[in-house]
1. Among the residues of segment 32-71 satisfying the criterion of being touching a Lys or Arg at 6+ places or on another chain (Cβ under 6 Å) and in contact (Cβ under 8 Å) with a residue 24 or more places away in the chain, which is nearest to Ile15 (Cα to Cα)?
2. Scan segment 185-206 residue by residue and report those that are assigned to a helix (DSSP H, G or I), of a type outside the set (Val, Ile, Thr) and within 25 Å of Ile131 (Cα to Cα).
3. Scanning for something out of contact with any helix residue (DSSP H, G or I) (no Cβ under 7 Å at 6 or more places or on another chain) and either within 21 Å of Phe115 (Cβ to Cβ) or free of Cβ contacts under 8 Å to residues at least 24 places away in the same chain (or both), does segment 196-203 turn up at least one residue?
4. Which condition does Glu54 not pass, out of (1) part of a helix (DSSP H, G or I); (2) surrounded by fewer than 14 Cβ atoms within 10 Å (Cβ to Cβ); (3) not aromatic (Phe, Trp, Tyr), if it passes all the others?
5. Scan segment 175-189 for residues that are surrounded by 17 or more Cβ atoms within 10 Å (Cβ to Cβ) and either in contact with a strand residue (DSSP E or B) (Cβ under 6 Å, 6 or more places away or on another chain) or of a type in the set (Val, Ile, Thr) (or both) and report the count.
6. Scan segment 10-31 for residues that are in contact (Cβ under 8 Å) with a residue 40 or more places away in the chain and of a type outside the set (Val, Ile, Thr) and report the count.
7. Looking at (1) more than 16 Å from Trp9 (Cα to Cα); (2) of a type in the set (Val, Ile, Thr); (3) surrounded by 15 or more Cβ atoms within 10 Å (Cβ to Cβ), which one does Val86 not meet, given that it meets all the others?
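The numbers here are math on the coordinates, done by the rules we state, and not lab data. Please read these numbers as outputs of a predicted model, since none were measured by experiment. When we count neighbours, we look across all protein chains shown, and the Cβ atoms used for this are built from the backbone with ideal geometry, even at glycine.
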Amino acid sequence: MKPRALLFWLAAYAIAMALVEAAVVVHLRHVYYPENPLALFPLRLLSANDLALELARELATVLMILAMALLAARGFMRRFAAFVFVFGLWDLFYYVWLKVYLGWPSQWLEWDILFLIPWPWFGPWLAPALIALLFTLWGGWVLATARALHLRRVDAQQFVAGALCALASFLAPAWPQLAGGTTALRGWMPGTFVWPLYAIGLVVMASALIRAVRMR
């Protein structure tokens with residue numbers, strides 16, 4: 001498949017999948033926040049059955065993106081580029097569809113529940129959206145050309161280090177509550193997001209990916 005056609009169908013898949021995910025979240029918002037679906041906090045906990053279903057859905061989402069990347073390209077780096085491209089575009093359009101159908105987010109720094117594995121990730125929605133934008137642009141750039149791309153070990157290590165910093169910034173808000181179990185998050189309100197740690201992670205990831213493209 002030619003690069004333009006590949007990007008088109010990967011983008012179509014990501015945008016359609018984002019709509020499916022956003023639709024589920026819109027329904028959950030109306031079930032758990034019937035008086036105001038735009039307000040996520042104070043936090044309300046999912047029932048045991050809904051939580052199990054949400055965890056399964058999150059794993060299924062990652063598996064679907066991984067399967068698409070494996071089928072769409074050959075070679076580790078191009079498959080990695082396809083994965084981050086679909087992941088990034090899916091995440092961006094997830095927020096686009098939430099805005100269209102729910103009118104949320106209403107503020108640039110509004111907090112969101114980002115993920116639930118291994119424990120809830122929290123942060124302003126703009127933070128994951130910026131990482132998603134980086135992934136989309138970089139993955140699309142790599143897939144737009146047939147030239148080979150090789151990631152040096154030092155760049156791979158730097159990318160992983162940056163990703164871990166960003167991950168830590170999303171996991172940190174709920175960390176103090178974990179000693180009391182998941183029920184300690186009931187009624188939880190966001191505090192301060194660790195922007196410096198997040199910024200380090202984003203810059204480190206971006207520099208590693210950009211250097212990999214420049215070295216090709």
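1. Among residues in segment 32-71 that are touching a Lys or Arg at 6+ places or on another chain (Cβ under 6 Å) and in contact (Cβ under 8 Å) with a residue 24 or more places away in the chain, the one nearest to Ile15 (Cα to Cα) is Pro37.
2. Hits for segment 185-206 are Trp195, Pro196, Leu197, Tyr198, Ala199, Gly201, Leu202, Met205, Ala206.
3. yes
4. Among (1) part of a helix (DSSP H, G or I); (2) surrounded by fewer than 14 Cβ atoms within 10 Å (Cβ to Cβ); (3) not aromatic (Phe, Trp, Tyr), Glu54 violates only (2).
5. 0
6. Number satisfying all stated conditions: 11.
7. (1)
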